[in-house]
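Written below as structure tokens is the structure these notes are about.
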Amino acid sequence: MTAGEILKKRWGYSTFKPLQAESVAAALSGRDCLVVLPTGGGKSLCYQLPAAIGNGLVVVISPLIALMDDQVAAAREAGLAADALHSNLKAAQKREAFANLAGGRTKLLYVSPERLLAGDLNGLMTARVTLLAVDEAHCVSHWGHEFRPEYRRLMEVFDQFPEAARMALTATATPAVQADILKQLGLRSPEILIGHPDRPNLIYRAFPRRDQFKQVLEVVRRHPGEGGIVYAQTRKHVERIAAGLADAGVSCSPYHAGLNAAARQKAQADFVNERLDVIVATIAFGMGIDRSNVRYVVHANTPRSVEHYQQESGRAGRDGEPAECVLLFAVSDLATHRFLAKKDAALPPERERSLERQLRDIGRYAVSPVCRHSLLAQHFAAPYPAPGAAQGEAGCGACDVCLGETKSLPKEEAVLTAKKVLSAAWRAEGRYGTGYVVNLLLGRVNDRMAANGHDLLKVFGILKDSGEAAVRSWIDQLVVQDFLEVTEEGEYPLLRITADGKALCRDEKTVVLGLPVPPRVKGAKKSKALKKAAALPGGMEPDEALFERLRAYRRVIADKAGVPPYVIFHDSVLIEMSAVKPRTLEELRGMKGIGERKLERYGALFLEVVAGRPVDSMELPDAADLPGPQV
Ligand code: ADP
Ligand code: ZN
């Protein structure tokens, strides 16, 4: 069978995603390769498919022990003889995995780096290993964000299997990290397969923050019953938002380092197993979260860098279906990041410079009225749109700017508006904070202003008609573009015009300004969202009620098997089922995402649910047929 045929038979997919076919071909021809694909790009298939085709053993080194069992379960669902070995296994599981390995039955083995380095597996694997795949390969590099010292020693083991091809996989695309991976893992004239970093299924939105809770709630309300993550900067924010959402009847839980380990574990497990819709978390949450149908990620505060944003927002839509990423921006968050970074000790000058650069970049991302997909691609030095990708008149069609929710001011008006704001700051001589300048521009006099005689200035009330939200946002926009600065030398942060700002006032510079219109992103009708999610063709309409019943039954099976629901079927499969209402196994077989194994195990049962049988009267598949915790 060809790779394409196996893809259809085992996984139920009829086409490869970008670079999957190339990676598989490299592995099968024994060539080393580096695979860089964004989250959701389908990296697992790059080494799972060679395991399904070949006669040997594919060893996958992964640092995410928490995910390994789920990955094994998913691979077994595709009919692969898969096992995992790591420190959290029960004795019986370990014996079984060892027996399978010794008996030559294992095709795909997940191991933690520690376990591989222990050395006792080498004898068992000898002569059978055809591919050594290193997942999260950026962990080998100091330059990456998750350095793991054990990764540096992997090559010692690899060198004992000179015949085996090596495959390094990561979503991190910086050239320094890539070069490090090649060197540290000893890839031998590797094929370099670098995908485009864009995630076309994500809708990016960035708005100025006006009312944190209200804006978060708006997003959550757009996604009733769907999985979402809300990130906030501090525990206090997390607790406040989580309490508010709970009051509003949202199924949610807080998650931060101040909670005890049991509470954190419970929240995480409930979220992954879809017993909980929303997690409100500090960035302590995320590493190793594998819920593929997270439909939205909201940043209630500004993240620390574009890289952090990419990674955290990237947890949305791993299943490739549409998902939404919203960032609520305020300049004051940047000051908090500065404060936190320097709290314990002053930063060395180089670190300080890189911090400032990171903060400015994320600020620019958040306030520039420019297509967010293109800003992100630009940041990662990739062309946008991706070569070969179609793009219509309306830009990406998947960000607040291209969707017309954030408008930019016409050029002349932008310059004029900026000049008004800048002259107010200039007249205030850098002796006042943002609030004072806002009041000055809006024409709100107070005692202090009257005493200063500032209510007599020409700039007093000059932006009265624009409203406070717009004025505050323009100040933020001018700060991240370096026309204004916030200085914190004294007791209070003061707003001051910069040399660039003065140059702008003299028409020696130009500026772009966004006009944040309060977004009216109404929740689309659920069925429409579902339809889009499963990319259903024109004539087909999903049946919402049936979808919910299929989901309920899937949850019953998943709970029983102890695996996340997506391991049984992805959402898109259930949506399609609800639209097609198949009556026979043959009809099911043609559907995307249903491989032969799943068809055999669950096909007849899901047909009964489609036929109208109540979920609580349904039986479960035979225990022996269930995936999940290895026995
Ligand atoms: P990554 O590890 O790169 O984040 P995964 O391996 O988890 O990505 O795959 C992401 C999603 O894409 C999964 O839901 C997977 O089932 C799906 N997928 C993988 N390959 C294909 C394909 N060829 N066609 C359609 N969906 C695919
Ligand atoms: Zn866009």
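Rule-based calculations on the coordinates, nothing more; no lab input. Computed from a predicted structure; not experimentally measured. Neighbour counts are summed over all protein chains in view; Cβ atoms, including those assigned to glycine, are modelled from backbone coordinates with ideal geometry.
I need the calculated FRET efficiency for the pair E5 and K581, taking r as the beta carbon distance and R₀ as 25 Å, to the nearest 0.05.
Once the sixth-power term is evaluated, E becomes 0.35.
Give me the Kirkwood hydrodynamic radius of the stretch 378-470 in Å, from all C-alpha pairs, to one decimal place?
Values: mean 1/r = 0.0620 Å⁻¹.
Roughly 16.1 Å, rounded to one decimal.
Using a cut-off of 15 Å between beta-carbons, work out the net charge of the residues near R431 (Lys and Arg +1, Asp and Glu -1, R431 not included). Please report the intermediate quantities before stating the final value.
Values: positive: R427, R448, R496; negative: E429, E485, E488, E489, E491.
Value of the local net charge: -2.
Among the DSSP beta bridges whose two residues both lie in the chain, what percent are antiparallel, rounded to the nearest 5?
On the way: 8 of 58 bridges.
Expressed as a percentage, antiparallel bridges in the chain total about 15.
Grab the DSSP H runs of the chain that are 4 residues or longer, score each as -39,500 (n - 2.57), total them, divide by all residues and round the 222 nm result to the nearest 500 deg cm²/dmol.
Roughly -12500 deg cm²/dmol at 222 nm, from the helical runs in the chain.
Under the rule of at least 5 residues apart or a separate chain, name every residue whose amide H is placed under 5 Å from the amide H of V129.
L57
If a helix is a whole DSSP H run, which ones in the chain reach 20 Å or further along their own axis (Cα) and hold a mean Kyte-Doolittle hydropathy of at least -1.0?
Working: long enough: 349-367 (27 Å, -1.37); 411-427 (24 Å, -0.14); 544-561 (25 Å, -0.41).
What comes out of the filter, once short or polar helices are dropped, is 411-427, 544-561.
Within 10 Å of each candidate Cβ there may be at most 10 other Cβ atoms; applying that plus a DSSP loop requirement, which GluC sites (Glu not before Pro) in the stretch 127-196 survive?
Details: sites: E136, E146, E150, E156, E163, E191; in loops: E136, E146, E163.
Sites meeting the loop and neighbour criteria: E163.
So for the stretch 411-516, averaging the separation of alpha carbon pairs under 8 Å that are six or more residues apart and normalising by length, what relative contact order in percent results? Don't jump to the answer; show the numbers that get you there.
Details: 138 pairs, mean separation 36.8, N = 106.
Computed value for the stretch 411-516: 35 percent relative contact order.
Karplus couplings for the stretch 200-206 from phi (6.51 cos²θ - 1.76 cosθ + 1.60, θ = phi - 60°), rounded to Hz, Gly and Pro as x?
Here the 3J(HN,Hα) series is x, 7, 8, 9, 9, 9, 9 Hz.
Starting from the Cα of F98, step 7 Å along the direction of its Cβ; do the same at T510; then give the gap between the two resulting points in nm.
7.2 nm
HN-Hα J couplings of the stretch 496-508 from phi, Karplus 6.51/-1.76/1.60, θ = phi - 60°, integer Hz, Gly and Pro as x?
9, 6, 9, 4, 4, x, 5, 5, 4, 4, 8, 6, 9
Among A52, G119, V157, which residue has its Cα positioned farthest towards the positive end of the charge dipole of the stretch 3-194, with +1 placed on the Cβ of Lys and Arg, -1 on the Cβ of Asp and Glu, and the dipole taken about the Cα centre?
Of A52, G119, V157, it is A52.
Please give the length that would be gained between D622 and A389 if that part of the chain were fully extended, namely 0.36 nm times their separation in residues minus their C-alpha to C-alpha distance (nm, one decimal).
Residue separation times 0.36 nm, minus the Cα-Cα distance, leaves 79.3 nm.
By how many nm would the segment from N55 to K183 lengthen if fully extended, with 0.36 nm per residue of separation less the alpha-carbon distance?
Details: separation 128, 0.36 × 128 = 46.08 nm, distance 2.87 nm.
My answer for the length gained is 43.2 nm.
How long are the three semi-axes of the equivalent ellipsoid of the stretch 411-516, in whole Å, if each is the root of 5 times an eigenvalue of the C-alpha gyration tensor, listed from largest down? Each step should come with its number before you reach the end.
Numbers: eigenvalues 80, 51, 31 Å².
Its equivalent ellipsoid spans semi-axes of 20, 16, 12 Å.
Less than 12 Å Cβ to Cβ from L245, Lys/Arg counted +1 and Asp/Glu -1: what total charge do the surrounding residues give?
Working: positive: K214, R221, R240; negative: E218, E239, D247, D277.
Taking every Cβ under 12 Å from that of L245, the sum is -1.
Given a cut-off of under 8 Å on Cα pairs at least six residues apart, what relative contact order in percent is computed for the stretch 202-403? Walk me through the numbers before you get to the answer.
Details: 314 pairs, mean separation 51.5, N = 202.
Relative contact order for the stretch 202-403 comes out at 25 percent.
In terms of modelled amide H atoms, which long-range or inter-chain residues lie less than 5 Å from the amide H of V134?
I61, M167, A168, L169
If you look at just the Cα atoms of the stretch 202-403, how large are its Rg and its Dmax in Å?
Cα only, the stretch 202-403: 17.0, 51 Å (Rg, Dmax).
List the residues whose amide H sits under 5 Å from the amide H of G227, counting only those 5 or more places along or on another chain, with H placed 1.01 Å from N in the peptide plane.
Amide H to amide H, under 5 Å and 5 or more residues apart or across chains, G227 pairs with R295.
For the residues T336, T282, what sequence is obtained by ranking on other C-beta atoms within 10 Å, fewest first? Mind showing how you got there, number by number?
On the way: T336 15, T282 19.
Ranked by crowding around the Cβ, least crowded first: T336, T282.
Quick check: net charge around G41, other residues with Cβ under 10 Å of its Cβ, Lys/Arg +1 and Asp/Glu -1?
Numbers: positive: K17, K43, R199, R318; negative: none.
Summing Lys and Arg as +1 and Asp and Glu as -1 gives +4.
Tell me the relative contact order for the chain as a rounded percent, counting alpha carbon contacts under 8 Å between residues six or more apart.
Details: 1058 pairs, mean separation 88.4, N = 631.
RCO, the chain: 14 percent.
For the chain, place one equal point scatterer on every Cα, skip the solvent, and apply the Debye formula. What is log10 of I(q)/I(0) at q = 0.06 Å⁻¹?
-0.37
Tell me, H223, H138 in order of fewest to most beta-carbon neighbours within 10 Å?
On the way: H223 19, H138 25.
Fewest-to-most Cβ neighbours within 10 Å comes out as H223, H138.
Could you tell me the convex hull volume per residue, in Å³, taken over the Cα atoms of the stretch 3-194?
Numbers: hull volume 20.4 nm³, N = 192.
Normalising the Cα hull of the stretch 3-194 by residue number yields 106 Å³.
First measure r as the distance between the Cβ atoms of R351 and I192, then evaluate 1/(1 + (r/R0)^6) with R0 = 30 Å and state the FRET efficiency to the nearest 0.05.
Between R351 and I192 the formula returns 0.45.
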